[in-house]
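To keep things clear, I will list the structure first and then write my remarks on it.
The values are calculated or read from the model by the stated rules, or taken from the named source; none is laboratory data. None of these values were measured; they are calculated from a predicted model. Note that we place each Cβ from the backbone using ideal geometry, even for glycine, and neighbour counts take in every protein chain shown.
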């Protein structure tokens with residue numbers, strides 16, 4: 001796990017300045033405190049920071065082939081590199097190190113761009129092929145690792161984070177109002193957009209190729225889920241899924257440094273621990289909690305899971321004051337506004353784990369793959385709503401909107417009122433949105449937002465539409481989650497917060513073999529008579545005691561942070577009323593925000609999500625920007 005960056009001036013072919021590249025690389029020291037490397041050759045420069053995990057003595061980057069024709073910087077881990085090495089050696093390749101990095105170089109020599117299809121892992125790759133004058137940037141299938149880039153009149157600048165790109169610029173790009181609009185709708189900014197104009201991020205499973213003085217972005221992971229026909233029996237699906245879980249965990253336990261687990265009180269990380277026990281015992285586990293007075297606290301549940309499975313558990317507890325004080329720092333680390341409550345506990349549990357281990361597994365993925373959220377139930381059974389007579393739907397909708405102030409009901413009705421027949425993507429757009437798009441648009445100053453800004457998310461997803469044409473309704477939503485909200489929200493902040501502490505976090509459930517299998521399963525194996533993650537829970541029963549399997553699902557910090565938000569953040573909320581607040585500097589209108597705040601405080605509406613997003617935006621502006629506010 002490392003940080004990469006670089007420049008390629010393919011337009012002007014002016015030489016890369018070594019000093020600039022060194023500053024870019026130095027801005028990511030937290031991602032790789034163990035080693036640093038630079039390669040500058042005329043109009044190309046590659047920078048690297050290393051966190052040593054595999055082949056500690058010989059994994060230095062940038063790494064080249066024996067003839068210096070191919071140069072590589074690589075962030076992540078290739079879990080099947082030993083298998084690739086054996087295959088490549090059978091083709092006559094000779095290796096100089098035991099690192100997974102070298103397997104990518106030889107794989108490129110053997111298969112060209114097809115090497116990406118053979119990699120099992122998480123990665124952000126930058127590979128320079130001097131013979132063909134080709135630069136390749138690539139992001140892994142699930143988007144666990146990220147790559148940002150900026151193209152201007154000179155050429156291309158890129159990095160694992162936004163920081164190295166900003167380090168190369170004389171001034172920071174202004175805020176992109178379209179990206180800001182999407183953030184307020186979805187609480188994250190979908191690829192390829194970022195909050196800054198001109199800075200983009202590669203979408204998961206895509207690559208950027210520069211050759212013949214031109215840059216192009218294309219999708220290299222083109223998996224199109226075809227439903228099983230016939231569907232496997234429950235027993236067959238159960239056995240196959242368990243086999244895939246076992247293989248993924250075994251692969252991802254590879255490490256030359258201490259390895260542990262981020263353990264919650266839920267099924268997903270508990271099953272990971274049980275599967276890890278097939279390859280050893282006494283794995284160190286780390287849990288974050290908030291105090292037993294909170295219903296969502298997981299300290300006791302996690303401690304019980306660890307005890308039953310024979311693992312030491314090291315907890316850390318945070319309180320409201322800690323949350324309040326840490327929020328500005330966390331917002332700064334993440335670089336883009338992210339209004340997800342779990343960023344706070346993630347920051348602390350990663351820092352806590354890093355004191356003892358360099359690598360930790362975490363249980364992200366089954367919720368998205370097998371239907372763990374409330375919205376999945378709504379989508380799975382939405383067809384029954386559409387079967388009702390129009391008069392009945394209108395009556396029920398009127399009653400629910402009039403007497404329910406809950407934002408979940410409101411969002412569900414907004415989604416159900418969108419016809420899936422006209423556009424499946426537009427339907428999913430409503431499912432993801434925390435408020436109606438017109439309400440979000442009204443927050444913006446006149447002239448600050450281009451027409452149709454909210455529909456730009458459809459442009460972000462457009463390339464995915466042909467790949468999801470065979471899925472059922474639930475499968476289509478999950479397809480987008482795996483390729484949009486999961487990588488650009490949850491995995492993005494997990495990567496940045498863990499790497500801030502120089503901790504590598506691995507996500508076994510997002511092995512691409514698991515994703516591709518789960519996406520072919522019918523919806524009834526995911527949402528079964530209203531029970532979420534049904535097939536996954538059946539697998540959990542193979543390894544976990546009944547009392548653990550029967551635990552009620554808890555949102556990771558959602559209710560706790562909401563409660564803290566209502567109480568300890570009163571000052572920050574009040575700050576939104578200040579006309580001098582940075583969010584009003586040419587971007588947003590004060591009056592509709594005050595109306596939202598008034599409705600929320602009076603109990604007329606539950607607006608905590610949009611208010612939390614606005615507070616995060618204000619904090620982000622204070623940490624990152626006070627002058628570069630753009631108008632369109």
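Please go through segment 325-337 and pick out each residue that is within 28 Å of residue 433 (Cα to Cα), out of contact with any helix residue (DSSP H, G or I) (no Cβ under 7 Å at 6 or more places or on another chain) and assigned to a helix (DSSP H, G or I).
Hit for segment 325-337 is 329, nothing else.
For (1) buried (at least 23 other Cβ atoms within 10 Å of the Cβ); (2) in contact with a strand residue (DSSP E or B) (Cβ under 8 Å, 6 or more places away or on another chain), each residue gets a yes or a no:
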{"site": "64", "(1), (2)": "no, yes"}
{"site": "70", "(1), (2)": "no, yes"}
{"site": "80", "(1), (2)": "no, yes"}
{"site": "83", "(1), (2)": "no, no"}
{"site": "91", "(1), (2)": "no, no"}
{"site": "94", "(1), (2)": "no, no"}
{"site": "122", "(1), (2)": "yes, yes"}
{"site": "126", "(1), (2)": "yes, yes"}
{"site": "148", "(1), (2)": "yes, yes"}
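Name the residues in segment 391-400 that are closer than 26 Å to residue 527 by Cα and modelled with pLDDT under 75, would you?
Scanning segment 391-400 gives 393, 396, 397, 400.
May I ask you to list the residues in segment 242-258 that are closer than 28 Å to residue 288 by Cβ, crowded, with 18+ Cβ neighbours inside 10 Å and modelled with pLDDT of 95 or more?
Within segment 242-258, 245, 248, 249, 251, 252, 253 meet the criteria.
Considering 305, 398, 322, 340, which residue is in contact (Cβ under 8 Å) with a residue 40 or more places away in the chain and part of a helix (DSSP H, G or I)?
From the options 305, 398, 322, 340, the qualifying one is 305.
Does residue 206 fit the bill of being surrounded by 15 or more Cβ atoms within 10 Å (Cβ to Cβ), modelled with pLDDT of 95 or more and either under 21 Å from residue 432 (Cα atoms) or in the same structural domain as residue 272 (by TED's automatic domain parsing) (or both)?
Spelling it out, it is not the case that residue 206 is surrounded by 15 or more Cβ atoms within 10 Å (Cβ to Cβ), modelled with pLDDT of 95 or more and either under 21 Å from residue 432 (Cα atoms) or in the same structural domain as residue 272 (by TED's automatic domain parsing) (or both).
Could you please find all residues in segment 24-46 being surrounded by fewer than 15 Cβ atoms within 10 Å (Cβ to Cβ) and touching a residue at least 40 places away in the same chain (Cβ under 8 Å)?
Once the filter is applied, which keeps residues that are surrounded by fewer than 15 Cβ atoms within 10 Å (Cβ to Cβ) and touching a residue at least 40 places away in the same chain (Cβ under 8 Å), segment 24-46 yields 33, 41.
Yes/no matrix, rows are residues, columns are (1) over 19 Å from the mean Cα position of the chain (by Cα); (2) buried (at least 20 other Cβ atoms within 10 Å of the Cβ); (3) at pLDDT 90 or above; (4) in a helix (DSSP H, G or I):
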{"residue": "422", "(1), (2), (3), (4)": "yes, no, no, no"}
{"residue": "457", "(1), (2), (3), (4)": "no, yes, yes, yes"}
{"residue": "474", "(1), (2), (3), (4)": "yes, yes, yes, yes"}
{"residue": "497", "(1), (2), (3), (4)": "no, yes, yes, yes"}
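Out of the residues in segment 531-556 that are in a loop (DSSP other than H, G, I, E, B) and under 27 Å from the mean Cα position of the chain (by Cα), which is nearest to residue 227 (Cα to Cα)?
Among them, the one singled out is 533.
I'm checking my understanding of the structure. Among residues of segment 575-603 that are in contact (Cβ under 8 Å) with a residue 40 or more places away in the chain and part of a loop (DSSP other than H, G, I, E, B), which one is farthest from residue 441 (Cα to Cα)?
So the residue we want is 603.
Do we find a residue being within 13 Å of residue 191 (Cα to Cα) and surrounded by 23 or more Cβ atoms within 10 Å (Cβ to Cβ) anywhere in segment 514-521?
no
Determine which member of the set 291, 260, 265 is touching a residue at least 60 places away in the same chain (Cβ under 8 Å) and part of a loop (DSSP other than H, G, I, E, B).
The conditions single out 265.
Checking residue 292 against (1) more than 21 Å from residue 611 (Cβ to Cβ); (2) at pLDDT 90 or above, which test does it fail?
For residue 292, the failing item is (2).
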